[in-house]
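Reviewing the structure listed below.
The values are calculated or read from the model by the stated rules, or taken from the named source; none is laboratory data. Predicted, not measured: the structure shown is a model, and the values here were computed from it. Here the Cβ is made from the backbone with ideal geometry for all residues, glycine too, and neighbour counts use every protein chain on show. Keep in mind that these areas ignore ligands, DNA and RNA; they rest on the heavy atoms of the full protein, side chains included. Shrake-Rupley method; radii C 1.70, N 1.55, O 1.52, S 1.80 Å.
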Amino acid sequence: MHILVIEDDKITNQNICLLLKKEKMIPESAFCAHDGLELIKLYDYDLILLDLMLPDRPGLEVLKQIRLLGIKTPVLVISGLHQTEKKVDCLNAGADDYLTKPYERSELLARVKALIRRSSGLAESVIRIGKMSIDINKKNVSIDNKTIPLTPKEYALIELLALKKGVTVSKETFLNQLYGIMDEPPDSKIIDVFLCKMRRKIKKVTNGEDYIQNVWGHGYILKSPDKK
């Protein structure tokens, strides 16, 4: 999961990012409204965490601008403002949830996971494709109750494929999911390497069944081998 954290307090921003990384999510930081909006225009995020008290522009204006741009990414507002009218204003402006500071880390994670599930149309945390089960809470993949030993990056790729629900995913999208903003991102061929290793691991458990299919010239798709 690729998550943007727009929070001007550097310690709070860092703590949120560390928490997300422990859950095998990929956070990026913005410390002002301007930088946050520029990143949102450039990259596809699975979730945006937005503080209301930003140094250059109120978070509520940022939220309104996100929706005016037609961006449907879920937004979780995190703020020290407890007034009911502030919460109502944010929800009316397009926020998907509102969490007040101080908060428990467990609650923040629960809300993050719930919003991601909801935006993906999931009623539960387990995605099933054929005999494969992808548990986005436990961050594991199994087939016929046999766990597939994936690295964190491999899991991130297969989770992205699962959440896209049969839609072809490009190498550029994979790179953005894994590495976010880098001055010199790795060559896109690294995605072929990761997916090749994953396919071998899956085939070993399934006696040769291939769940990851290459759509020539477009990317990859996760699909049950029973469906042609």
* For Ser106 and Arg128, compute 0.36 nm times the residue count separating them, minus their Cα-Cα distance, and round to one decimal in nm. => 5.4 nm
* Scan (1) -0.26, -0.84, -1.12; (2) -0.62, -0.98, -1.10; (3) -0.31, -0.90, -1.11 for the value of log10 I(q)/I(0) by the Debye sum over Cα atoms at q = 0.08, 0.14, 0.16 Å⁻¹ calculated from this model and give just the label. => (3)
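Tell me, what is the FRET efficiency for Leu42 and Asn145 to the nearest 0.05, using R0 = 35 angstrom and their Cβ-Cβ distance as r? Working shown, then result.
Numbers: r = 41 Å, r/R0 = 1.17.
Here the calculated transfer efficiency is 0.30.
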* Add +1 for every Lys or Arg and -1 for every Asp or Glu among the other residues with Cβ under 14 Å from the Cβ of Asp35, and state the total. => -3
* In nm, what is the difference between 0.36 nm times the number of residues separating Leu69 and Val88 and their Cα-Cα distance? -> 4.7 nm
* Cut-off 19 Å (backbone N to label point 7 Å along Cα→Cβ of Lys24), residues of segment 43-81 -> 46-47
* **Karplus-derived 3J(HN,Hα), 6.51/-1.76/1.60, for each residue of segment 186-200, Hz, glycine and proline x** => x, 4, 4, 5, 4, 5, 4, 5, 4, 5, 5, 5, 4, 4, 5
* Which FRET efficiency value, to the nearest 0.05, do you get for Ser170 and Ser224 by plugging their Cβ-Cβ distance into 1/(1 + (r/R0)^6) with R0 = 30 Å? -> 0.90
* Asked: Over the heavy atoms of Thr147, what accessible area does a 1.4 Å probe trace out, to the nearest 10 Å²?
  -> 90
* **Entries in Lys21/Lys165; Lys64/Lys223; Lys10/Lys72; Lys101/Lys146; Lys24/Lys146; Lys41/Lys113 that, when Cα-Cα distance is taken, lie over 29 Å** => Lys64/Lys223; Lys101/Lys146
* **Per-peptide average of other Cβ atoms within 10 Å, ordering 24-31, 125-132 highest first** => 24-31, 125-132
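All other residues with a Cβ under 10 Å from the Cβ of Ser119 taken together, and with Lys, Arg as +1 and Asp, Glu as -1, what is their net charge?
With Lys, Arg at +1 and Asp, Glu at -1, the net is +1.
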* Under 5 Å, built H, 5+ apart or other chain: amide partners of Ile26 -> His2, Ile3
* For Ser119 and Asn207, what does the FRET efficiency come to when R0 = 41 Å and r is the distance between their Cβ atoms, rounded to the nearest 0.05? -> 0.70
* Asked: Using θ = phi - 60° and the Karplus form 6.51 cos²θ - 1.76 cosθ + 1.60, what ³J(HN,Hα) does each residue of segment 3-14 get, whole Hz, x for Gly and Pro?
  -> 10, 9, 10, 9, 8, 7, 6, 5, 5, 4, 4, 4
